[in-house]
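Student: Please see the structure below; I have some questions.
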């Protein structure tokens, strides 16, 4: 199933330069050496778990470039990269895997297998108490900011109330156009002191297609308690192109609020550690607009 296609631009450029001998030595040198440096291959394959089940929405990242693609609903992917590079396969519920492209060249039936991760949910003792549902919502004044490019994760740090049980989270988005095919990975995880992609403990993962302006996610059956350091709840942007086009036809566009007392929105890109929102938006401090409900003791 896997096809490996070599880019023969280096041979073409070299022959053209031999025919057109009148071209300057500088252009000849630049073309030949540049073409060899940029020689790339196209790799197609499929990503599965240990039981042979396809893994959709798995990111396939060129390690040296921090660019990549996602696997489709059948776990299939296609990516073009320099044969000297490496690919990182990353999925919310599986261990990352890094493979040198040179090691994939001889594989005619490329299957990438990822090992699953376990996501222990903090144990919560359910004791009959008088409880009430409290809703938290950041500033009503909001404006549209930007649509994250592929590979972005935006997470909001829940700290308004700790100790209760998270019941529901609503994300405020810009509704995609009718032809868009946009998905978002829902991520709930604990905040690690180093804010590293490798150190954060993911508690809950889900994937939803974006169809409306408000994306409501119910967590009432998961018994997720908000610890003293708070929780991070966020979106990972996933988008697919149409079957007959290589162009993305949808983007995840998020509403943001204006200046807040604390910097609560974090942003992470493929393979990089988290950054506070103030470092991403240079001139304004903005927070992803969400609301959430917590069950607390009266």
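The values are calculated or read from the model by the stated rules, or taken from the named source; none is laboratory data. A quick note: this is a predicted structure, and the numbers were derived from the prediction, not measured. Ideal geometry is used to build each Cβ from the backbone, glycine not excepted, and the neighbour counts take in all protein chains shown.
Student: Quick check on my filter: what residues within the stretch 217-234 are touching a strand residue (DSSP E or B) at 6+ places or on another chain (Cβ under 8 Å) and either more than 21 Å from residue 159 (Cβ to Cβ) or outside the structural domain of residue 183 (by TED's automatic domain parsing) (or both)?
Tutor: 218
Student: Would you check if there is a residue in the stretch 218-228 being part of a strand (DSSP E or B), under 25 Å from residue 57 (Cα atoms) and modelled with pLDDT of 70 or more?
Tutor: yes
Student: Now for a different question. If you scan the stretch 203-216, which residues turn out to be modelled with pLDDT of 85 or more and buried (at least 18 other Cβ atoms within 10 Å of the Cβ)?
Tutor: Within the stretch 203-216, 215 is the sole residue that qualifies.
Student: On the given criteria, is residue 166 touching a strand residue (DSSP E or B) at 6+ places or on another chain (Cβ under 7 Å), surrounded by 14 or more Cβ atoms within 10 Å (Cβ to Cβ), modelled with pLDDT of 75 or more and farther than 22 Å from residue 59 by Cβ?
Tutor: So residue 166 passes the test.
Conditions (1) closer than 21 Å to residue 206 by Cβ; (2) buried (at least 16 other Cβ atoms within 10 Å of the Cβ); (3) modelled with pLDDT of 75 or more, marked per residue:
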{"residue": "8", "(1), (2), (3)": "no, no, no"}
{"residue": "27", "(1), (2), (3)": "no, no, no"}
{"residue": "31", "(1), (2), (3)": "no, yes, no"}
{"residue": "49", "(1), (2), (3)": "yes, yes, yes"}
{"residue": "61", "(1), (2), (3)": "no, yes, yes"}
{"residue": "75", "(1), (2), (3)": "yes, yes, yes"}
{"residue": "88", "(1), (2), (3)": "no, yes, yes"}
{"residue": "100", "(1), (2), (3)": "no, no, yes"}
{"residue": "109", "(1), (2), (3)": "no, no, yes"}
